[in-house]
Amino acid sequence: MEGTCILTAFSADLTSDVFLFRVQNYCEDCKVKVSKVSNGMSKELRRNDAIQPGDEMELEFTGHSEAIVFYRAMDERLNYITLKNDYMTHEYQDYMIFGQQSLGAKILNLVNEEKVDKTMKEVCTAAGHQLRFRCEQGQRSTSLVSEKCLKHVLKSCYKNSSATVLPIMNPYIERKVPVLASSANWLGSLNVFRTKTNNAPHALFVKPEFHDTGVIVQKPKIRQHFPETWLFDAIVLERNGTKKITATSPDNVGQWALNSAYWWHGRASLFPGETKYIQTSKPIFLEVDMPRNVYVNETISPLLTVTGVDLVKSRETLVICLSELPRKVCADQGANGNKGTTYYMKVEVSRSSPIQSKYLMMKFLSPGLVNMTVTLKTENCETGKILDAVRKQVEIQKRADTEEYYERHILNPSKPLVTAMNDDPGSTSSKDTKMITFSDQHASTDDSETINTLITSNVPDTETVFSFSITLSKFLPLHDRQTTMSMGTRFKRNGLRMLTSVIRELSVVLYKFKKLKLSGFTSYQMEANINDLINEMMQFSNCTSRKDPCAYSEFGKPQSSKDVSILLTSIATSLLCEADVEENRVLGSLKTITAYIPRLGSKDFNEDLSDIIDVESTGDKKYLLVSFMYQVSRDCSSYRSSFKNMTRSFGKLHKYFYQLDESNVKDGRTSAAIAFMATNATAELMRSDLLSKINKEHPPYWKCSGYETNRIDKLKRNNESFRRRRESCQVMVNSFALSAIVTAYAEGTEIDWDRLADWISEQQSSDGSYGSPLTTLVATRSLYEKRRRSVEIAFNDHLEVTIRCKGCPEKKVNVTESPIEIHIPTNIHYVTLITKGHGKAVVAARIVATKRPRPKRGLTQDDYYPVHLSIDQKVQDNFVHQTVCFNVTNPTIKTLDMFHGTYTLFSATPDQLYFLNETYTPINPTSSALGLHFILTNIRANETICYKVALSESKGGKNIPYKSAPVPIRATHPVQGLVGMLLIAHPDVPRSDVVVRRRRHHHTRTRFVRRIIDESAVDTVCYDGGECSCAETTCDVKCNKCHLDDSKDLRNLLSTPGFFGVRFELTSISSSLMNGANYTIYDGLVKDSNGIGAGAFELSKKVRVWLRSCNVGCTPGEKTLKRDYYVLGHEDGLNSDSYGRQNYILNHLDRFEESSYACQSLNSAITIRY
């Protein structure tokens, strides 16, 4: 026997049992040699040798001639996260025995594996509890029962005693030695490290081979790469049976398990190689237990751990220092605004107590990606020797209890004005749904080159507005200004997401890139993004390089013909052809599409498209599908030479268009799709029909007719869902129609198609999408088709926009390709833009405010969303046990993409997800730093569905419940978007945080009050409007230093990204007591600003500078009003309040100077732009 075997046993009463096992394969010549490379020379690691992070390693594999070697090196702690065995170990192995069963291997009838497993765990755990303080080192066994029992025994023994031993899977240690791990591991809450033994304190470190005093000692590097898997690859050995590879060790401190497996021609299975253990060590090292994702205004306590493995002295005093800390992150660095001394952050380690820990209070103030570097030094932070440095990257997420409102508008003085919307009678008022509205009017009848645009913020005064900004840019910028989507925005999980989500994102990037190429430009970043998205899209197919027939599925690789979606296969194939990919990625799906054509004529045709587009009738579904399939033949025409009879195969679709009965086409989207994608004759008839129904007075030119009249009232009960579906339908109808007109060159002169293109562009969301994935595909393509067939006229050379608002100084902006962002005071509801000149510009308004619990008076969450969510949660043994139930009231929703958020410093895995309804099984459950993701299909309306999740708390940092942000549970539909959401807070949030706020008309609502100011050690100052600034290290501001200034150094500083200089005229002085600290407040009007970080002063000319009273040298005598003052600082510290002022708290890195003769260099650097 060889490889994987199945043993079947039968009894006389016809019962049977199946046993799956692996036969041990052994290869005497299959070996791996691990060496460290130093100064060009390699030295093989001995049994007790160790390396340091960043060392260059050489791996030499030896085996059969031209054998394939699969190898991996992973953090050895992963072996103890689960009790499952590793397939690469030397043993007879059963993958599934006593574990979760699958269709591949079952134990039936004869053995109750669950009862055996439960009894074994109870007995072996009890045995381990009795062995406290006498844990014995176990030996490997070929018996799975013995192996599993031994692991239960050791785990129980270690948990209930202070003894720690080396894991049993390390064959190198021959004697019983206590070994400690570098961080929390499977043994529980013990903080241990692996690279030090009490019997041989220096045994695990590489001794220097040469004692050359001339060798230059390298400076300690910053450790920032901490993977769980170091190596994972496959190689082919040379003819002599050897192969060398080199690799640099990551920054982890601990132990790596290097496994390998060999295969060569003629063998039926893999031959596992020997396991090598590579120790990575540092004499003294620092660990930072920091979450990768946090939320705005959260306060957490990350754990900083110092471990002294090889101490020179019996006791050493070290200090933990923070450097490169951006101002959007506020950490407790000292008392009363002073930077902490050595005593404040010191730790003492000794040989008897080699591990010491400290908690650091931190608060995160604004969203973005930040790097935090923590260093370990001797003596003090200024002059001490660096022993270790760790850099952590943290993504600060927007809070779930805030909402961003975004609207686009085209400024075009030379075009007629849109005065009304072409809405259908069943639509809802835009005033009830849109928080930002635009209205245009000409300045006068004589001035046709000037247009006034009123931007109205409809956010109620009862809601807190955190920011209000507008962005101006040219309508068609030539250069790529797209920002990279964050993890939260892109909503990408560790595993697969739905195919339609990938199609939506790919459509935006692909057609933006194709428009860019029309102007003769390119973007390598966009090309790379397109390539990544195409590779991700291919994961939803069973296509291979062999060009066999293949197809796509919504939820992953199709396992059977029932999983195949021919519409998604057609759409994906068109996108691949539009991206001009290799033919082996296209030919397989082309064969599947052509093979499907005969099925279109079957009487029982009823393709389910509900998860792609909400089309009602069978006739509409059929002709929509036929249109997309026929469009594939056009988009992929360049592949005809590689696909024989492609024209003839797709020509079979002609008869369906020739037999078209217009009376069976009831959906306007289908009519417009036929007009764009059908055969020439049929498309011409449908274009004529579209033009006969056009309302050419103002866009949108066609209304949505996608819903049956008798269903509108029912859908209106789900107001938000219906509004989104209606808007998406309206965009799709007009986009299809625009593409149909411009591709046939049938524009004529009576209708202004530019206005329709502008209207479509205005419906775009901040991420470039248009709601549903299919609508995004159609809209982005229509704008590309319009651009491709239009003559570009460069008449945007001079377009001036004047910004006016009450209480704001007037600002004039010359529109350029570079977007200009202007911040508006958060208490402003009306902003007027006066646009003058020739050309078009895009204005985007963005408001961030508290999330509305109800869309309008009288509605609850259940009225707002068609998926009703509820939760019950309790805390037990460092776990938060949550039971979530939901009910779907809309019968069109049969598929949901669920996201279950986890609190900061908590995590959950798919194994901790359990459905109470046996009929539902989650698809592709995956976990990320933000929460759990899974998909549900075949959902029945008005049925309660419940599941349970257990959130486990991190053993490192501390979670402070009432300072943690609420997290969402979101239900998303592929077509309708967000259809359900519930904000949840930690169950330990005090009841005092829950208040009832009375509103007008005697309506009440209960909500959690966000604690803007935390009673903690982190000093912050918060302003009217909700934004906060860090007030740590606000003493020792640099003042009276003008006589030391150098003009060149000042210019270099202001040319550094983020830094700014400002000269302001002092208008008033006041004082304030904030969180026990006294501040002198200087209010002034900005006269000049300079530097890359000075953009915040473009509109707001008011500045408020906060100076803490501890800066005694900065407040000599009385400050004179109407006198000029200077500030040098960083834009991260600027925050606007509800009055439009820019607030800035001075800290120890900033300059604050009064105008004087000595400050001439500083004045010139700020007032003169180079």
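The values are calculated or read from the model by the stated rules, or taken from the named source; none is laboratory data. All values derive from a computational prediction rather than experimental measurement. Cβ placement follows ideal geometry from the backbone for every residue including glycine, while neighbour counts extend to all protein chains displayed.
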* Identify the single condition in (1) closer than 16 Å to residue 57 by Cβ; (2) out of contact with any helix residue (DSSP H, G or I) (no Cβ under 7 Å at 6 or more places or on another chain) that residue 256 does not satisfy, given that it satisfies every other one. => (2)
* **Lone qualifier among 315, 408 - being more than 30 Å from residue 838 (Cα to Cα) and basic (Lys, Arg)** => 315
* Structure fact -> The lone condition residue 262 fails out of (1) crowded, with 19+ Cβ neighbours inside 10 Å; (2) modelled with pLDDT under 85; (3) outside the structural domain of residue 380 (by TED's automatic domain parsing) is (2)
* To do: For region 380-399, name all the residues that are in contact with a Ser or Thr (Cβ under 9 Å, 6 or more places away or on another chain) and under 21 Å from residue 223 (Cβ atoms).
  => 381, 384, 385, 386, 387, 388, 389, 390, 391, 392, 395
* **Criterion: free of Cβ contacts under 8 Å to residues at least 24 places away in the same chain and either in contact with a strand residue (DSSP E or B) (Cβ under 7 Å, 6 or more places away or on another chain) or among the hydrophobic types (A, V, I, L, M, F, W, C) (or both) - qualifying residue of 1107, 1085** => 1085
* To do: List the strands (runs of 3 or more DSSP E) that sit entirely inside region 280-341 and contain at least 2 residues that are at pLDDT 85 or above, in contact with a strand residue (DSSP E or B) (Cβ under 9 Å, 6 or more places away or on another chain) and surrounded by fewer than 19 Cβ atoms within 10 Å (Cβ to Cβ).
  => 315-323
* Is it the case that some residue within region 841-849 is of a type outside the set (Asp, Glu), surrounded by fewer than 16 Cβ atoms within 10 Å (Cβ to Cβ), modelled with pLDDT of 85 or more and part of a strand (DSSP E or B)? -> no
* Asked: Where in region 873-934 are there strands (runs of 3 or more DSSP E), lying wholly inside it, with at least 3 residues that are buried (at least 19 other Cβ atoms within 10 Å of the Cβ)?
  -> 879-888, 896-901
* Asked: Got a sec? Which of 275, 242, 213 is polar (S, T, N, Q), modelled with pLDDT under 90 and surrounded by fewer than 16 Cβ atoms within 10 Å (Cβ to Cβ)?
  -> 213
* Asked: Restricted to region 585-609, and to residues that are hydrophobic (A, V, I, L, M, F, W, C), touching a residue at least 40 places away in the same chain (Cβ under 8 Å) and not in a helix (DSSP H, G or I), which residue is nearest to residue 550 (Cα to Cα)?
  -> 586
* Can you tell me which residue in region 1016-1055 is surrounded by the fewest Cβ atoms within 10 Å (Cβ to Cβ), limited to those that are hydroxyl-bearing (Ser, Thr, Tyr) and touching a Ser or Thr at 6+ places or on another chain (Cβ under 7 Å)? -> 1047
* Taking into account only those residues within region 46-75 that are among the acidic types (Asp, Glu) and surrounded by fewer than 16 Cβ atoms within 10 Å (Cβ to Cβ), which is modelled with the lowest pLDDT? -> 66
* Positions within region 591-626 being under 22 Å from residue 772 (Cα atoms), of a type in the set (Phe, Trp, Tyr) and surrounded by fewer than 18 Cβ atoms within 10 Å (Cβ to Cβ), in sequence order -> none
* Within region 3-39, how many residues are outside any strand (DSSP E or B), modelled with pLDDT under 85 and out of contact with any strand residue (DSSP E or B) (no Cβ under 6 Å at 6 or more places or on another chain)? -> 9
* Asked: Any idea which of 291, 250 is in the same structural domain as residue 387 (by TED's automatic domain parsing) and within 29 Å of the chain's Cα centre (by Cα)?
  -> 291
* From the options 751, 803, residue that is crowded, with 20+ Cβ neighbours inside 10 Å, in contact with a Lys or Arg (Cβ under 9 Å, 6 or more places away or on another chain), at negative phi and touching a residue at least 12 places away in the same chain (Cβ under 8 Å) -> 803
* Among the listed residues 1058, 1076, 1091, which satisfies the condition of being surrounded by fewer than 13 Cβ atoms within 10 Å (Cβ to Cβ) and at positive phi? -> 1076
* Those residues that are aromatic (Phe, Trp, Tyr) and either in the same structural domain as residue 1074 (by TED's automatic domain parsing) or not in a loop (DSSP other than H, G, I, E, B) (or both), I need them from region 342-389; list them, please. => 359, 364
* Asked: Among the residues of region 1147-1170, which ones are buried (at least 20 other Cβ atoms within 10 Å of the Cβ) and aliphatic (A, V, I, L, M)?
  -> 1162, 1165, 1166
* Asked: Across region 493-528, what is the number of residues that are within 15 Å of the chain's Cα centre (by Cα) and polar (S, T, N, Q)?
  -> 2
* Structure fact -> Of the residues in region 499-522, those that are touching a residue at least 60 places away in the same chain (Cβ under 8 Å) and either more than 18 Å from residue 571 (Cα to Cα) or touching a His at 6+ places or on another chain (Cβ under 8 Å) (or both) come to 515, 518, 519
* Could you say whether any residue in region 1006-1022 is among the basic types (Lys, Arg) and at pLDDT 90 or above? -> no
